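The values are calculated or read from the model by the stated rules, or taken from the named source; none is laboratory data. Here the structure is a predicted model, which means the values were calculated and not measured. Backbone-built Cβ (ideal geometry, glycine too); neighbour counts: all protein chains shown. To get the accessible areas, we keep the full protein, side chains included, count just its heavy atoms, and leave off ligands, DNA and RNA. Shrake-Rupley method; radii C 1.70, N 1.55, O 1.52, S 1.80 Å.
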Amino acid sequence: MLINVFDLHKEIWSSLLARRDRLPHALLLIGQKGLGKYALAREFAAALLCESGAPDGRACGGCLACNWFALGNHPDFRLLQPDALSEEVAAEEGKKKPSQQITIDQVRELDEFLGVGSHRGGLSIVLVNPAEAMNRNAANSILKTLEEPPPNTLFLLVSSDPSRLLPTIRSRCQSIPFVTPSRETATRILGAAGLRDAERWLAISGGSPRLALELAESGQVAWLDRLATNLAAGGKADALACAAELDKAIKDSKGGLQLKQIVEALQKWTVDLTLAGNGLPIRYFLAQQSQISALAAMIPPVRLIHQYRDMNQRRREAEQPLNARLFLESVFLDYRAMFSR
């Protein structure tokens with residue numbers, strides 16, 4: 001199933017097309033995860049590199065440049081992303097896990113690409129996704145290029161968490177915010193894509209249609225349901241057993257499930273507990289609304305505040321190479337401690 005990002009972001013696509021003749025050297029596409037920012041950025045890059053062009057401003061899909069782009073070897077396009085997101089890099093037993101970060105070595109590889117100029121006489125385009133995955137050395141290195149960009153070069157930076165970017169990087173980009181679509185629009189688009197139970201997946205994704213589709217199609221529904229069951233046990237949750245189950249799920253997925261996804265789900269559960277504790281409708285785990293409301297009544301508000309802050313820190317730690325099982329044991333023990341007297 002595929003979502004039509006042009007239908008989802010008509011106004012943003014029109015604004016991008018309107019910039020074609022007066023492009024800045026860097027655009028920063030920002031918005032919550034799963035809105036299709038990366039997909040639209042790729043479509044825009046393809047349209048800019050296309051040598052024929054379709055009447056609607058999209059790439060024609062048939063010219064030599066479009067064929068190169070589709071195969072991932074256009075000489076005037078580079079994609080910077082963590083190795084963990086690359087389809088060509090898979091984690092294998094006994095080998096080092098692919099990095100969750102964009103490293104300085106990846107940025108340095110741009111020197112030759114940017115130094116020779118365009119091969120086809122047009123733009124040289126660098127797409128960075130997600131931009132917040134750059135470690136500090138990589139960010140400082142790319143900042144030098146953004147400060148003195150080569151002519152006819154366009155950087156497209158995609159970020160779901162722009163606050164993690166260096167302020168100097170943000171200041172050198174023109175920002176394009178992506179707004180979360182209305183529930184009606186998102187449900188309609190997901191229905192058109194053939195997704196069943198769209199409202200449930202849209203809720204757990206925080207209103208992001210592409211993330212909703214990704215979760216529904218991931219084949220990993222079992223771990224999400226199991227997590228919710230364990231969390232619903234509150235102070236009686238078996239922290240060690242839950243950590244072991246989810247650690248096994250990560251290993252069995254062979255890179256399909258990442259530790260940070262589990263932490264993100266825990267963050268959402270914490271938000272729902274906070275909302276329920278304040279008498280507000282929950283946002284993410286709709287199927288567990290009654291259990292969440294009952295649990296929220298058992299937790300002192302100050303503990304929920306501390307838990308939310310801790311989960312934000314845990315989310316950052318989850319991107320580092322660490323022992324997933326020990327990490328999850330600590331997380332679930334802290335969760336269970338919220339219910340202690």
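What the phi angles of segment 50-58 give under the Karplus curve with 6.51, -1.76 and 1.60, with θ = phi - 60°, is a coupling list of 4, 9, 10, x, 9, x, 8, x, 7 Hz, glycine and proline written as x.
Extending 7 Å from Cα along the Cβ direction at Arg120 and again at Thr229 yields two label points whose distance is 5.1 nm. Using a probe of 1.4 angstrom and keeping all protein chains present, the accessible surface of the chain works out to 51 square angstrom per residue.
Compared with the direct C-alpha span, the chain from Leu326 to Leu166 gains 54.5 nm at full extension, assuming 0.36 nm per residue.
Helix 301-317 axis versus longest C-alpha principal axis of the chain: approximately 40°, rounded to the nearest ten. Placing unit charges on the Cβ atoms only, positive for Lys and Arg and negative for Asp and Glu, gives segment 128-256 a dipole magnitude near 160 debye about its Cα centre.
Mind checking the dipole of segment 132-190: about its Cα centre, +1 per Lys or Arg Cβ, -1 per Asp or Glu Cβ, Debye to the nearest 20? Intermediate results must be reported in sequence, preceding the final value.
Numbers: 7 positive and 5 negative charges, 20 e Å.
Value, rounded to 20: 100 debye.
Each of Asn312 and Ala297 was given a label point 7 Å from its Cα along the Cα-to-Cβ line. The distance between the two points is 3.0 nm. Counting only alpha carbon atoms, the long axis of helix 136-147 and the longest principal axis of the chain meet at about 30°. The structure-derived value of semi-axes √(5λ) of the Cα gyration tensor in Å appears in the list [x] 31, 27, 17; [y] 39, 23, 19; [z] 26, 23, 21 under the label [y]. Taken one residue at a time, the phi angles of segment 37-47 give Karplus couplings (6.51, -1.76, 1.60, θ = phi - 60°) of 4, 5, 4, 6, 5, 5, 5, 5, 4, 5, 5 Hz. Gly and Pro are set to x. Convex hull volume per residue, computed on the Cα atoms of segment 72-181, equals 138 Å³.
Along the axis of the charge dipole computed for the chain (Cβ charges of +1 for Lys and Arg, -1 for Asp and Glu, origin at the Cα centre), the listed residues Ser163, Met338, His119 are led at the positive end by Met338. The helix-based estimate of mean residue ellipticity at 222 nm for the chain, built from -39,500 (n - 2.57) per DSSP H run of four or more residues and divided by its residue count, is -15000 deg cm²/dmol to the nearest 500.
Cα axis of helix 324-337 to longest principal axis of the chain: angle in degrees, 0 to 90, nearest 10? Between helix and principal axis, roughly 50 degrees. Taking other residues whose beta carbon is less than 15 angstrom from the beta carbon of Arg200, and scoring Lys, Arg as +1 and Asp, Glu as -1, yields -2.
Taking only protein heavy atoms and a 1.4 Å probe, the accessible area of the chain is 49% carbon and sulfur. Each of Ser290, Ala233, Leu259 was placed along the dipole of segment 227-303 (beta-carbon charges, centred on the mean Cα), and the one lying farthest toward the positive end is Leu259.
Note on Leu71/Ser14: beta-carbon distance plugged into 1/(1 + (r/R0)^6) with R0 of 30 Å gives a FRET efficiency of 0.60. Each eigenvalue of the Cα gyration tensor of segment 206-293, multiplied by 5 and square-rooted, gives one semi-axis; in descending order these are 22, 18, 9 Å. Magnitude of the charge dipole for the chain, about its Cα centre and with charges confined to Cβ atoms of Lys, Arg (+1) and Asp, Glu (-1), is about 800 debye. The calculated FRET efficiency for Ser218 paired with Glu112, based on their beta-carbon distance and R0 = 41 Å, is about 0.65. Taking amide H as placed 1.01 Å from N in the peptide plane, the amide H of Phe155 sits under 5 Å from that of Ala26, Leu27, Val126, each at least 5 places away or on another chain. Computed from the C-beta positions of Asp21 and Gln289, the FRET efficiency with R₀ = 56 Å rounds to 0.65.
Listed by chain and number, the lysines whose C-alpha is less than 18 Å from the C-alpha of Lys37, apart from same-chain residues fewer than 8 away, are Lys10.
Taken one residue at a time, the phi angles of segment 177-188 give Karplus couplings (6.51, -1.76, 1.60, θ = phi - 60°) of x, 9, 8, 5, x, 5, 4, 5, 5, 5, 5, 4 Hz. Gly and Pro are set to x.
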